[in-house]
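Right, one structure below, let's go through it.
The values are calculated or read from the model by the stated rules, or taken from the named source; none is laboratory data. Computed from a predicted structure; not experimentally measured. As a convention, Cβ positions derive from the backbone with ideal geometry for all residues, glycine included, and neighbour counts pool all protein chains shown. SASA here: full protein model, heavy atoms, side chains in, ligands and nucleic acids out. Shrake-Rupley method; radii C 1.70, N 1.55, O 1.52, S 1.80 Å.
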Amino acid sequence: MSQDKTRNVILALILLGSVFQIARGQDWPRWRGPNGDGVVTGFTAPKVWPDQLKQRWKVAVGVGHSSPLVVGERVYLHARQGDDEVAAAYDLNTGKTIWRDSYPVAYTMNPAATGHGKGPKSTPVYRDGKLYTLGITGVLSCYDAAKGKLLWRKEFKEFKPNNPFFGVATSPIVDRGLLIVHVGGADTGALKAFNAATGEEKWSWNGDGPAYATPIVVEIAGKRQIVTQSQQNIIGVWADNGSLLWKIPFTTEYVQNIVTPIQYKDLLIFSGINKGVFAVRVGWRDNRWATDTVWQNKEVSMYMNSPLLAGGQLFGMSHKNKGQFFCLDAATGKTLWTGDPRQGENGAMVIAGDMIFSLTNHADL
């Protein structure tokens, strides 16, 4: 899932010395940053950390779990206000609203997820002057990011239901001019690619309903592939035409395939609630695609958290022991360390230089 179980009520900019350079020195145009891996570049830690952070501005934006984007001098956000989903752009330095667009979205929460709020949960993506948002019920919109003009919109009413059990949480990605997103609902859906400029559908794979994970793009054995967790599988789809290359059956409790995959050298690393963490080597062998499990670690397991990689080490937050940060050797899966227990249900994590920042669902940074 693209976010933790907290409500996004206020968008605030809090600055402390060179930490501001995270926003000013690098755009953050999509889920988990420029490369979708949660890595912040160009960060230098301050020599002395202040006792308190200085708040520069704040603005009420509504509720939801969508991560804000920072592009140039603007912050983009997708949220809910009342019965409307709202896409908006704010001035990074002042918080002033630059543009705002809203549309009504009726949504009934699953009783098991009432604490989540009515979303949206998906993080937008910015590319080539356009902003793409995906709402809690699967409304896909393309905006002129400069002026907020709606360029095109799709609602996928051909799928019934048109969103998963706990609402749409997968985030769209853009690759080589294609907007790629898994749409539909429980037991019915499609991973689709659209012309990012016009919205014209270019290909569709209809083999499984969507889950809550966000796809990644990898090159394996000469094939550019879209890899993600679907409702009941882990899949690799050819980015050129949407044909299925390989799949691994994969299900989790209460149909909650959530974790965004990550690539380490020739390994793809996955996890899910009570499924441990495991690495798979995908390759072309004997005229077919092969998926070999290289290692599996059952000491830790990720629920909503998606992992980070640095220096051959894999970092994440396990749902075990009521929330516990961990570090694994990415090549072997060996546990290198685990942190204190009872840290929370989830943590949104980024890595900056030799530091990791984590915001837990208790709003502790």
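Annotations
- Checklist (1) within 22 Å of ASP84 (Cβ to Cβ); (2) open to solvent by 20 Å² or more (accessible area, probe 1.4 Å) applied to LEU131, failing item: (2)
- Among the residues of the stretch 245-262, those that are open to solvent by less than 70 Å² (accessible area, probe 1.4 Å) and part of a strand (DSSP E or B) comprise LEU245, TRP246, ILE248, ILE262.
- Single match in LYS334, LYS275, LYS298, LYS320 (criterion: free of Cβ contacts under 8 Å to residues at least 40 places away in the same chain, over 22 Å from PHE250 (Cα atoms), among the basic types (Lys, Arg) and open to solvent by 20 Å² or more (accessible area, probe 1.4 Å)): LYS334
- Checked against the criterion of being crowded, with 21+ Cβ neighbours inside 10 Å and part of a strand (DSSP E or B), the candidates VAL75, VAL59 yield just one match: VAL75.
- Checklist (1) of a type in the set (Gly, Ala, Ser); (2) under 16 Å from the mean Cα position of the chain (by Cα); (3) open to solvent by 10 Å² or more (accessible area, probe 1.4 Å) applied to SER230, failing item: (3)
- Failed item, numbered, when GLU155 is tested on (1) buried (at least 22 other Cβ atoms within 10 Å of the Cβ); (2) more than 30 Å from GLN55 (Cα to Cα): (1)
- Condition check for GLU85: among the acidic types (Asp, Glu), without any contact (Cβ under 8 Å) to a residue 12 or more places away in the chain and closer than 30 Å to THR252 by Cβ: no
- Restricted to the stretch 191-204, and to residues there that are touching a residue at least 12 places away in the same chain (Cβ under 8 Å) and out of contact with any Asp or Glu (no Cβ under 9 Å at 6 or more places or on another chain), the residue that is most open to solvent (accessible area, probe 1.4 Å) is LYS202.
- Across the stretch 212-237, the number of residues qualifying as farther than 14 Å from LYS192 by Cβ and assigned to a strand (DSSP E or B) comes to 13.
- When we screen ARG224, ARG288 for residues that are out of contact with any strand residue (DSSP E or B) (no Cβ under 8 Å at 6 or more places or on another chain) and surrounded by fewer than 18 Cβ atoms within 10 Å (Cβ to Cβ), the only hit is ARG288.
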